[in-house]
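Okay, so here's the structure we're looking at.
The values are calculated or read from the model by the stated rules, or taken from the named source; none is laboratory data. Quick caveat, the model's predicted, so the values are computed rather than measured. Using ideal geometry, Cβ is built from the backbone for each residue, glycine included, and neighbour counts are taken over all protein chains shown.
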Amino acid sequence: MSSDFVKALETGRPPNITKLFPNSKALIVSGKVIDRALMAKGKAMTIAANGRNYFVILGVLQAAQRANAAVIIEIAKSEGGTGAYCAVNYWNIAKFVDSAMNELNITVPVAIHADHYGIKNSKDIEKAKVEIPSMFDAGMTSIAIDASHLPDDENLLANLELNRFIPKWAGLETEVGEIKGKEGLSTREEALFLIQGLNAHEIFPDWIALNNGTTHGIEASDAGIQVELTAEIHEALAKYGISGAQHGTSGNSSDRLRRIAGETRTTKANVATALQMLSWGLEVNDYGNAQLDDNGGFKKVKNEGMLEDMWAEMVEYAAGKEWKIGDYKKLNLPFENKLMAQPADVRNRMAKRVEDFTYNILINIFNAGNTAPLAIEALLKCGSYDLGPKSKKMEDPAEWTESKIKEKAKSVHSDKGPKGNFDD
């Protein structure tokens, strides 16, 4: 271990991590640290990998070590909340990551992110006041408050109400515009409304997520992410120091993702579905979109990922539930233990497939290689696990009271698009 790594380990781990894992040699850090590293490199973003199963976590960590890249391991509320469809969840993901980092001698900085912590009504807000602290107790170091399903004023007010439950040192993502593909695209106006309102109350998010044309899951068309729209909104927010968080990268072309890294202020790129498919051994194209057979079913690559009879059992199970291909993600929970019970060489090849894919996108698409030293440098320069905000208060809080927020929202142009279930 280098002396810089040792110093970073001593001062760079947040208090919840040092309390949970006092003897750990895993450099688990705030999401702020990862963002700053990618900003320091410039025209670069790193993977925020949704660890839907243990093989994804192992593969991404090993890829990060190979690429010398600072990365984020995350799980979304739909995947890992109280109604989760994955065995990995908000409350055990840190333990999985810490254990794997120590076992594999992973020395790159890693943040653990609660992605898409969805707020859709007042009941969700009350539950969040209990759940958010419990998640940080369990080792979370970053969170995305996703109230984008709500009208603009309610989105802002929910973020304001919940912020006191998030540690000041933690990475913070906010969202505007529910992620639902080409419908309900985010606007410059509503993004400014959210960020200015937060700024007035001295809340300085590290990232903002937009609906910039992407979808979650399997990309069904070649429309994908709208780079120009993303760049326009990011430029409007530039003085607030906020970076972009790109959702739904699975299925978007490599060229489009390179443009997002090179032409916008994006530093965090979520990858979920592609990594799941890779670990299972399904056929994907070069940017992670699962390939379908003539009957509209997934193609299993022989001797890749899980055993063939295990895949046959999963397909039969899904058919019994009358699940469509978009529902196959729900197989994670009932089959996690069965997948873990496979022979070691099979488990290893599941993780290796994720590793090779992730290494390629970190180096050749996201431009994230060698960002680990930049993260460590930021920690050493600060001398603390808390890098502080990237911005300062510029807006007048008197102009952003609850009543004025509601009044301002009436003139904000936004289109939420059609209603429906657009969870991760």
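Annotations
- Residue in region 351-363 that is assigned to a helix (DSSP H, G or I), in contact with a strand residue (DSSP E or B) (Cβ under 7 Å, 6 or more places away or on another chain) and not hydroxyl-bearing (Ser, Thr, Tyr) present: yes
- When Met45, Met39 are screened for being out of contact with any Phe, Trp or Tyr (no Cβ under 9 Å at 6 or more places or on another chain) and among the aliphatic types (A, V, I, L, M), only Met39 passes.
- When Ile376, Ile361 are checked against the criterion of being buried (at least 17 other Cβ atoms within 10 Å of the Cβ), out of contact with any His (no Cβ under 6 Å at 6 or more places or on another chain), over 23 Å from Ser250 (Cβ atoms) and among the β-branched types (Val, Ile, Thr), a single residue qualifies: Ile376.
- Check on Glu336, surrounded by 18 or more Cβ atoms within 10 Å (Cβ to Cβ), outside any loop (DSSP other than H, G, I, E, B) and of a type in the set (Asp, Glu): no
- Residues that are surrounded by 24 or more Cβ atoms within 10 Å (Cβ to Cβ) and more than 13 Å from the chain's Cα centre (by Cα) were ranked within region 33-43; the one that is nearest to Lys168 (Cα to Cα) is Val33.
- Residue ID - nearest to the chain's Cα centre (by Cα), chosen from residues in region 11-32 that are among the basic types (Lys, Arg) and closer than 13 Å to Tyr385 by Cα: Lys32
- Positions within region 261-277 being assigned to a helix (DSSP H, G or I) and over 18 Å from Tyr359 (Cα atoms), in sequence order: Gly262, Glu263
- Of the numbered criteria (1) out of contact with any strand residue (DSSP E or B) (no Cβ under 8 Å at 6 or more places or on another chain); (2) within 22 Å of Tyr54 (Cβ to Cβ), the one Gly297 fails is (2).
- Of all residues assigned to region 56-68, none qualifies as being within 18 Å of Ala170 (Cα to Cα) and surrounded by 24 or more Cβ atoms within 10 Å (Cβ to Cβ).
- Filter result for Asn105 (under 30 Å from Phe5 (Cα atoms) and over 19 Å from the mean Cα position of the chain (by Cα)): yes
- Subset of region 280-291 (residues that are at negative phi and modelled with pLDDT under 95): Val284, Asn285, Asp286, Tyr287, Asn289, Ala290, Gln291
- Qualifying positions in region 82-99 - out of contact with any Leu (no Cβ under 9 Å at 6 or more places or on another chain), over 19 Å from Gly326 (Cβ atoms) and either assigned to a loop (DSSP other than H, G, I, E, B) or free of Cβ contacts under 8 Å to residues at least 24 places away in the same chain (or both): Thr82, Val88, Asn89, Tyr90, Trp91, Asn92, Ser99
- Of the helices (runs of 4 or more DSSP H) lying entirely inside region 112-215, those containing at least 3 residues that are out of contact with any helix residue (DSSP H, G or I) (no Cβ under 9 Å at 6 or more places or on another chain) and at pLDDT 95 or above span 122-137.
- Asp396 vs. criteria on the phi < 0 side of the Ramachandran plot and touching a residue at least 24 places away in the same chain (Cβ under 8 Å): yes
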